[in-house]
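Reviewing the structure listed below.
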Amino acid sequence: MTADIHYRPRGAVTGLRVGAHPSRQVGGMGTFRDLVPFAAHPDARRIDVRATALDPFDTTMVRRLRQRASIDVYALVDLSASLRYQGNAAKAALVGELCAALARSATRIGDRFGLIGCDAILRLDCFLPATARRGVAADVEMLLEPSRWVGAGAEGLLEAAPYLAGARKMVFLVSDFLLPLDLLRRVFESLALHDIVPVIIRDSTEGADLPEWGLLDLADLESGARRLVFMRPALKRRWLAEDAARQTALRQLAGQYGRTPVVVTDRLDLDDFSRGLLEA
Amino acid sequence: MILNADHPWVLVLLPLAVLPWLRSPHRRTAIGSIAVVPADRLSAWVRLGLRIAGMLAIALIILALSGPYHGGRLVSRIGTGAQLVLLLDRSGSMSDTFAGRTPEGAEESKASATKRLLRDFIGRRPHDLFGVAAFSTAPMLVLPLTDHQDAVLAAVNASDRRGLNFTNIARGLGMALSMFAADRPDEHHVILLVSDGGAVIDPHVQDQLRALFARYRADLYFLFLRTAGSKGLFDEPGPDENTPQAMPEHFLHRYFQTLGVPYHAFQAESPGQVEEAIRQIDALERYPITYTEHLPRRDLTGWAYALACPPLLLLLAAKLMEARVRVRPAATRPDRRVAA
């Protein structure tokens with residue numbers, strides 16, 4: 001049995017469907033919330049005999065319980081070609097693996113899972129409306145096969161907001177985040193209603209594993225632009241410093257809109273990912 | 001300084017020199033976004049330097065392939081001399097001595113003496129164009145008109161081999177005349193006919209030869225090597241031998257006189273007389289002649305290759321300096337679950 005991803009939406013879930021997450025909904029199932037007079041909550045099944053007997057005014061008291069509700073989980077996936085990067089692992093494969101695990105985990109606890117793929121536009125061929133169907137994980141794996149990553153740019157992420165209208169949802173924004181911070185800010189703003197979890201797919205060959213010396217002829221996976229770089233320790237230090245600064249800026253930006261990013265480096269460890277989600 | 005090339009068409013390939021600006025020769029390393037690469041001035045210089053090196057290497061190699069040189073012109077100069085065709089008799093009797101015997105000991109055959117004296121003659125006239133033809137039964141083109149003295153000397157050297165026993169002067173003359181250009185009035189044409197016997201020329205062929213001489217305007221020198229006891233050129237025939245068959249040399253002489261071109265006949269009965277005759281010819285044939293001289297040229301191919309070498313070495317060094325992003329084998333990757 002594969003491990004599941006354990007996630008907790010921020011705040012109370014507003015959904016009406018019964019599920020696994022604490023909600024503001026008051027109902028007949030769940031954990032104890034408070035005692036109210038029978039008149040206020042006429043649920044005869046939950047009459048609290050002890051509280052009623054103890055009540056000095058002989059009011060019939062009813063236990064109100066916190067209903068647990070389900071939430072829609074969406075994976076908003078950056079389908080730009082930069083995720084075709086192949087280092088210690090293929091980033092695209094990691095994304096597919098992650099989304100399939102999310103779909104499996106979500107449907108197992110009664111949440112619905114949906115998928116939105118974007119590059120320069122919102123990719124309708126890679127769109128899956130939220131569904132509680134159990135087989136959705138297999139669909140997600142099929143939709144996210146590596147040949148989908150062909151686009152350049154990620155402006156399509158801005159078009160996703162209308163597809164996510166309505167109740168508060170949990171949105172995993174999966175990307176390598178090699179995007180302009182300005183674009184990211186606008187994406188975060190457009191999704192501000194939702195619980196956004198940025199998931200950064202990284203590879204250690206992009207940072208720490210860079211060579212110390214030598215010539216690297218770099219080719220941008222999206223634009224195809226080439227640049228010859230003469231690597232040397234000083235340049236690598238500068239590269240890593242710039243990278244670290246960028247990651248910090250990303251954390252700050254994401255933090256302003258909810259959560260700090262969860263980073264997946266080289267391999268996907270679901271337990272690790274769950275822990276990262278709790279810390280985020 | 002005039003640059004020139006042996007194969008100029010190779011230079012058509014020169015636009016290939018822009019290739020380094022269009023394509024990269026290095027191993028491609030894919031990266032998610034080029035924007036994360038820090039701007040680096042040294043890298044930019046290396047980039048520019050390698051492109052220029054690639055361009056230079058391609059351009060210089062193409063230049064080298066085209067075979068560049070400078071100098072090496074043909075210069076036309078005016079000297080004194082003539083275009084001279086040596087028409088040598090190769091009949092068997094030329095291998096005999098002037099006494100009409102097979103040479104023994106220190107005796108010299110007519111052919112050897114002629115050869116030796118002609119060599120001196122050629123050596124004294126550096127600006128002449130020489131051609132060599134020989135004849136016995138049929139004419140042989142030995143060497144067309146050329147200013148390469150070595151070739152001429154070699155051709156003359158080979159002229160004392162034994163030949164066949166027939167003398168076909170008419171066809172030999174025809175071949176000698178055909179070496180000249182008919183449409184160059186500024187050239188001076190000379191035929192030096194060396195023979196030890198006359199031959200009967202058919203009247204029909206006589207007319208053809210006369211026409212040819214009129215067309216090519218060649219001076220004719222007839223060096224007759226008279227063998228002891230035989231009839232001479234200038235001997236008047238007796239009443240009973242007044243036919244070409246009886247005295248072919250004399251009738252040949254008379255025919256040549258009617259050709260309408262400057263004609264000199266020399267009769268030599270010993271090597272000394274041959275030398276005297278050749279000296280006279282040398283003195284007579286002094287005309288202005290246009291000759292061409294090759295100025296030596298300097299081959300620049302080596303220089304082009306040498307100049308292409310440093311850029312090539314630079315490119316090689318760059319190729320060897322290429323780094324590779326090393327992918328760690330799965331086993332050595334840190335297992336974050338254990339680490340956490």
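The values are calculated or read from the model by the stated rules, or taken from the named source; none is laboratory data. Keep in mind the model is a prediction, meaning the values are calculated, not measured. Neighbour counts run over all protein chains shown; Cβ positions are idealised from the backbone, glycine included.
For the reader, a short list of remarks on this structure follows.
- Test: residue in segment A:129-151 that is out of contact with any Leu (no Cβ under 9 Å at 6 or more places or on another chain) and within 12 Å of chain B (Cβ to nearest Cβ): no
- Matching entry among A:GLU222, A:GLU212 (being within 13 Å of B:SER33 (Cα to Cα) and within 13 Å of chain B (Cβ to nearest Cβ)): A:GLU222
- Meets criteria (out of contact with any Leu (no Cβ under 6 Å at 6 or more places or on another chain), surrounded by 21 or more Cβ atoms within 10 Å (Cβ to Cβ), modelled with pLDDT under 75 and not hydrophobic (A, V, I, L, M, F, W, C)) for B:GLY198: no
- Qualifying residue in segment A:197-204 (condition: buried (at least 17 other Cβ atoms within 10 Å of the Cβ), on the phi > 0 side of the Ramachandran plot and modelled with pLDDT under 90): no
- Check on B:SER66, crowded, with 17+ Cβ neighbours inside 10 Å, touching a residue at least 24 places away in the same chain (Cβ under 8 Å), of a type in the set (S, T, N, Q) and not assigned by TED's automatic domain parsing to the domain that holds B:GLY163: yes
- Among residues of segment A:1-20 that are over 14 Å from A:ILE109 (Cα atoms), those with a Cβ under 7 angstrom from a residue that is at pLDDT below 85 and assigned to a loop (DSSP other than H, G, I, E, B), sequence gap 6+ or separate chain, pair up as A:ARG10/A:GLY258.
- Residues of segment B:131-152 include none that is acidic (Asp, Glu), crowded, with 22+ Cβ neighbours inside 10 Å, touching a strand residue (DSSP E or B) at 6+ places or on another chain (Cβ under 8 Å) and in contact (Cβ under 8 Å) with a residue 12 or more places away in the chain.
- If you go through segment A:250-272 and keep only what is away from chain B (no Cβ under 14 Å) and outside any loop (DSSP other than H, G, I, E, B), you end up with A:ARG251, A:GLN252, A:LEU253, A:ALA254, A:GLY255, A:GLN256.
- Matching residues in segment B:317-331 - criterion: being modelled with pLDDT of 90 or more and more than 7 Å from chain A (Cβ to nearest Cβ): B:ALA317, B:LYS319, B:LEU320
- Within this structure, A:ASP271 fails the test of being more than 30 Å from A:ALA165 (Cα to Cα) and buried (at least 16 other Cβ atoms within 10 Å of the Cβ).
- Test: residue in segment B:24-47 that is over 21 Å from A:PRO233 (Cα atoms) and more than 9 Å from chain A (Cβ to nearest Cβ): no
- Odd one out for B:TYR69, checked against (1) closer than 30 Å to B:PRO126 by Cβ; (2) out of contact with any Leu (no Cβ under 7 Å at 6 or more places or on another chain): (2)
- Here B:LEU50, B:LEU60 are screened, and the one residue that is within 11 Å of another protein chain (Cβ to nearest Cβ), farther than 30 Å from A:ALA90 by Cβ and modelled with pLDDT of 85 or more is B:LEU50.
- Considering residues of segment A:225-249 that are surrounded by 16 or more Cβ atoms within 10 Å (Cβ to Cβ) and of a type outside the set (Lys, Arg) only, the residue farthest from the other protein chains (Cβ to nearest Cβ): A:GLN247
- Of all positions in segment B:164-181, none carries a residue that is under 24 Å from B:ALA218 (Cβ atoms), assigned to a strand (DSSP E or B) and of a type in the set (A, V, I, L, M).
- The lone criterion from (1) farther than 27 Å from A:ARG267 by Cα; (2) crowded, with 17+ Cβ neighbours inside 10 Å; (3) modelled with pLDDT of 90 or more left unmet by A:VAL174 is number (1).
- Options A:ALA40, A:ALA93: the member that is hydrophobic (A, V, I, L, M, F, W, C), touching a residue at least 12 places away in the same chain (Cβ under 8 Å) and under 21 Å from A:PHE172 (Cα atoms): A:ALA93
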